[in-house]
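Scroll down for the structure; my scribbles are underneath it.
The values are calculated or read from the model by the stated rules, or taken from the named source; none is laboratory data. The shown structure was predicted, so the numbers you read here are calculated from the model rather than taken from an experiment. Cβ sites come from the backbone with ideal geometry, for glycine too, and all protein chains shown count toward neighbours. Please note that ligands, DNA and RNA were not included when accessible areas were found on the heavy atoms of the full protein model with its side chains. Shrake-Rupley method; radii C 1.70, N 1.55, O 1.52, S 1.80 Å.
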Amino acid sequence: MVTSDHKPTLPVWRAMIVAVVAGLALLGFTIPASAATNYVALGDSYSSGLGAGSYGDSGSCKRSANAYPRLWASAKGASLNFLACSGARTPQVLSQLDNVGSGTNVVTVSVGGNDAGFVDVMTDCTLGSDQACVNRVAEAKAYVNGTLPGLLKGVYDKIKAKAPGAKVYVLGYPRFYKVPGSCDVGLSDTKRSAINSGADALASVTSAQASSAGFTFVDVRNAFTGHEICSADRWLHSLTWPVDESYHPTANGQKLGYLAALNAAG
């Protein structure tokens, strides 16, 4: 006779567990496994980490050890496929996606600034008059509002096709300047305000397209507020050497700006 406080032996426990699992399976339940995080970082120089140093052997792509994708992957224990490359426009990001597999479950991407003529805008605003700068920014904004939405849709559609189960975060761009700020030399406040308005136009269009695709837009403008060029604690390079690092986030900008905004987004 078995008393009420008798505990089943180990083989009996195993048999009971097998029976319970089999019963759950018949009812359509499964016991989830702990899935690995397969993370792909796509995009341009703001995702590759240009300006943050420590580029290793990444060549002209300038993939920094201090870039937010590496920092996020390290903190989460994720497997990182780091494809972002300095200078990338939407066609190059489409090419990056050729290396993305269906097992990817997290994607980050930043793209659109180069398509809109970021380098040309900064060159014209640096060398030209206030009005020339305002006109060039207006030209870029017309492109952002008229042409860029379709280009972004093409990128986002391919992300969904290549990684249908992924959580996708679309990261934007910071405003460059604190206006008025502490800079006594360089661009006028008229030029600085015009350039900032271009960043706002990019954010508006990118946010709308990301939302339409079912992606999460990560707006970094608030994270960089108080840390723009001409602020007391800037996280962005002004005109600098090497020149390609100009107007890009520093290591602090990647960590305290981009990474912090990504973490806050979920």
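Accessible area per residue was computed with a 1.4 Å probe on protein heavy atoms; H237 scores about 40 Å². If only the Cβ of Lys and Arg carry +1 and only the Cβ of Asp and Glu carry -1, the dipole of the range 127-217 around its Cα centre is close to 420 debye. For the chain, the share of accessible area belonging to carbon and sulfur comes to 56 percent (1.4 Å probe, ligands and nucleic acids excluded).
Going by accessible surface with a 1.4 Å probe and the largest first, L239, L262 read L239, L262.
Sorted on the mean count of surrounding Cβ atoms within 10 Å across their residues, most packed first, peptides 48-54, 60-66, 160-166 read 48-54, 60-66, 160-166. When the pairs K167/K255; K178/K255; K158/K255; K76/K255 are compared against a 24 Å limit on Cα-Cα distance, K158/K255 fall above it. Largest first, the residues R192, R221 sort by 1.4 Å accessible area into R221, R192. By its C-alpha gyration tensor, with a ≥ b ≥ c as the square roots of the eigenvalues, how is the range 112-266 shaped: rounded for a/c under 1.5, else prolate for a/b larger than b/c, else oblate? Oblate, because a/c is 1.5 or more while a/b does not exceed b/c.
The candidate values were (i) 153; (ii) 116; (iii) 173; the one computed from these coordinates for volume of the Cα convex hull per residue in Å³ carries the label (iii). Tell me the per residue accessible area of the chain using a 1.4 Å probe; a whole number in Å² is fine. On a per-residue basis, 49 Å².
At the residue level, D120 shows approximately 80 square angstrom of accessible surface with a 1.4 angstrom probe and all protein chains present. Taking every DSSP helix (H) stretch of at least 4 residues in the chain, weighting each as -39,500 (n - 2.57) and dividing the sum by the residue count yields a mean residue ellipticity at 222 nm of -13000 deg cm²/dmol. Couplings for the range 192-204, taken from phi via the Karplus curve 6.51 cos²θ - 1.76 cosθ + 1.60 with θ = phi - 60°, read 4, 5, 5, 4, 4, 5, x, 4, 5, 5, 4, 4, 4 Hz in order; Gly and Pro are left as x.
The range 218-263 and the range 48-125 have Cα centres lying 15 Å from one another. Taking the C-alpha atoms only, the angle from helix 118-127 to the longest principal axis of the chain is near 30 degrees.
Less than 5 angstrom separates the built amide H of K167 from those of V106, V107, all sequence-distant by 5 or more or on a different chain. Put simply, the amide H of Y173, placed in the peptide plane, has neighbours under 5 Å in V220, leaving out anything fewer than 5 places away on its chain. I want the antiparallel fraction of DSSP beta bridges within the chain, as a percent rounded to 5. So the antiparallel bridges in the chain amount to around 5 percent.
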